[in-house]
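I have placed the structure first, in the form of structure tokens, so that the comments after it can refer back to it.
Values in this text are rule-based calculations from the coordinates and carry no lab data. Since the structure is predicted, the reported quantities are computational estimates derived from the model, not experimental observations. All Cβ positions, even for glycine, are placed from backbone atoms using ideal geometry, and neighbour counts span all protein chains on display.
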Amino acid sequence: MIGTIRVVPMQGGLTLTETLLAQSTTPLHVFGNGSWEVGRLVLAPQYRSDPEALKRCLFLSLSYLCQHADAQNLYASCSHVLSRLYRRFGFSAFAKDVVLNGTEKTYTLIYGYAPEVLDALARRPALNAPAAHKETH
């Protein structure tokens, strides 16, 4: 599987999430230390429709990030449809239908507490979980 993901530290004005919130008249969120935007996830075409491939790529990337940097708060901007998928991975929407000035593009902004997101990403699907075995003597 081939995939990439980009994570950018927040508070530097470099992320789309910060841009979207800066153009808002009402501050919707305050970014603390350890805040990162997760974005630019790219998977090889044959894996794009596989939620388990996405889950695995996110898990590997975010676990590496958390081991090597202060990453407590994770943010992203995505479509409304993708925000529902990311809910499975511990993210929640905090702003919907946010328009990027000068375009007709709208975004949903999502947030996840890194330890909870990693926990959700580490869980195996119930259908693939091994059955519990009782030992009898």
- Message: Below 8 Å, C-alpha to C-alpha, sequence gap of six or more: please give me the relative contact order for the chain in percent.
- Response: 23 percent
- Message: Only Cα pairs within less than 10 Å get springs; with that Gaussian network setup on the chain, which residue of Val117, Val81, Val98 has the largest fluctuation?
- Response: Val81
- Tell me, what ³J(HN,Hα) does each residue in segment 31-46 have, in order and in whole Hz, if you take phi through Karplus 6.51 cos²θ - 1.76 cosθ + 1.60 with θ = phi - 60° and put x for Gly and Pro? 8, x, 4, x, 9, 9, 8, 9, x, 6, 6, 10, 10, 4, x, 5
- Computed about the Cα centre, the charge dipole of the chain from +1 Lys/Arg and -1 Asp/Glu charges at the Cβ has a magnitude in debye, to the nearest 20, of 360 debye
- Query: Which value at 222 nm does the chain reach when only helices count, each DSSP H run of 4 or more adding -39,500 (n - 2.57), with the total divided by all residues and rounded to the nearest 500 deg cm²/dmol?
  - Reply: -9000 deg cm²/dmol
- Whole-percent pair-distance distribution, where bins are 10 Å wide, for the alpha carbons of segment 4-75: 18, 44, 29, 10, 0
- Note on the structure: Among Tyr64, Tyr107, Tyr75, the residue with the largest mean-square fluctuation in a Gaussian network model of the chain built from Cα contacts under 10 Å is Tyr64
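Taking Rh as the Kirkwood radius computed over C-alpha pairs, what is the Stokes-Einstein D of the chain at 4 °C in a medium of viscosity 1.567 mPa s, expressed in µm² per second?
Answer from the Stokes-Einstein relation: 80 µm²/s.
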- What are the residues whose amide H is under 5 Å from the amide H of Glu37, where those residues sit 5 or more places off or on another chain and H is modelled from the backbone? Val8, Met10, Tyr75
